[in-house]
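To keep things clear, I will list the structure first and then write my remarks on it.
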Amino acid sequence: MAKRLIPSLNRVLVEKIVPPSKTNAGILLPEKTSKLNTGKVVSVGRGIHDRDGKLIPVSVKEGDTVLLPEYGGTAVKLGDKEYHLYRDDDILGTLHD
C-alpha cells in the first residue's frame, strides 16, 4: 500500500476477500458460491462521540474478517489494490473459524 489511510470517526477500511473460482483440482465453481461478501479489516477509525461527549469505539479491530452488505461502502483505490470504506453500523457481523 502506497499510503496508510486511517479512517475518520466510525469508519472501517476493508479489503474484500475474493473467493477462488476453481478448486485445487481444477474444478470450476459456480458464481453463486462466490457471492458471500466478506472482507478483512485493514484499518479502523477512533469511533464516534455520543451526546454526552463519551467516545463510542468501533466494534471491529484490524485483522477481523467481517460480513459486508451486498451494496454500499465507498470504493478507495490505494496503489494497485482496491479497498472499501464502511461505517461501523453497516458491517453485518464478524466471522470466526
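Under 5 Å from the amide H of Ile48 lie the amide H atoms of Ile56, each residue being 5 or more positions distant or on a separate chain, with H modelled from the backbone and absent for Pro and chain starts. Annotation for Asp89 and Lys40: the two label points, set 7 Å from Cα along the Cα-Cβ direction, are 3.0 nm apart. Note on Asp97 and Ile17: their simple-model spin labels are 1.0 nm apart, each label 7 Å out from Cα toward Cβ.
Computed from backbone phi, the HN-Hα couplings of segment 83-97 come to 10, 9, 9, 10, 6, 4, 5, 7, 6, 7, x, 10, 10, 10, 6 Hz, rounded to whole numbers (Karplus: 6.51 cos²θ - 1.76 cosθ + 1.60, θ = phi - 60°; Gly and Pro given as x).
We did not get these values from a lab; they are worked out from the coordinates using the rules stated. Note that this is a predicted model, so its numbers are computed, not measured. Note that we place each Cβ from the backbone using ideal geometry, even for glycine, and neighbour counts take in every protein chain shown.
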